[in-house]
1. When the Karplus curve 6.51 cos²θ - 1.76 cosθ + 1.60 is applied with θ = phi - 60°, which whole-Hz ³J(HN,Hα) does each residue of the stretch 88-95 get, with x for Gly and Pro?
2. In this model, which of 71/118; 34/82; 68/101; 34/68; 71/113 are farther than 22 Å apart at the alpha-carbon?
3. Among the aspartates and glutamates, which fall within straight-line cross-link reach of residue 25, defined as a Cα-Cα distance under 16 Å, with same-chain neighbours fewer than 8 residues apart omitted?
4. Could you derive backbone 3J(HN,Hα) for the stretch 110-115 from the dihedral phi with the Karplus parameters 6.51, -1.76 and 1.60 (θ = phi - 60°), listing whole Hz in sequence and x where the residue is Gly or Pro?
5. If amide H atoms are built 1.01 Å from N in the plane of the peptide, which residues on other chains or at least 5 residues away come under 5 Å of the amide H of residue 61?
Amino acid sequence: MKLLLIVTLCLIAGAVDVPVSIEPKDIVGTWWTKLCDRYEGRYDFRSDFTYGGSCADMIDGGKWKLHKGGKLELISYSDFDKKTISNGSSRDIVLINRFGKTVMHVTLWDGKKDVWTKR
């Protein structure tokens, strides 16, 4: 009976989403994504809280913020050449569902799920 109770509690605990606990230093580095058509996309997160991203022939860049609960905010430059952020800058939230040193399971701003790997 005790074994059944322990197994049940473990299954329940595994099914409950617990907010991810990570720090900005954990995000810094190059992360590769598979959700880029037939190509691998990448995000380069820098310690000065800027980022660059690419997918095939598209590029993006801006600033990033890590919020509580594993919410990664990407604020794109409104003028990529001048590297400026303004009220017109797009802001997207990436929800980090699970995190390991070299793997992030994320839900993107459009609801798609992806796995980012760090190299």
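Taken together, the values in this text are just the output of simple stated rules run on the coordinates, not laboratory data. Model, not experiment: these values are computed from the prediction.
1. Coupling constants for the stretch 88-95: x, 5, 6, 10, 10, 10, 10, 8 Hz.
2. The answer is 34/82; 34/68.
3. Within reach: 44, 48, 73.
4. 9, x, 6, 9, 8, 10
5. Counting only residues 5 or more places away or on other chains, the set is 53, 77.
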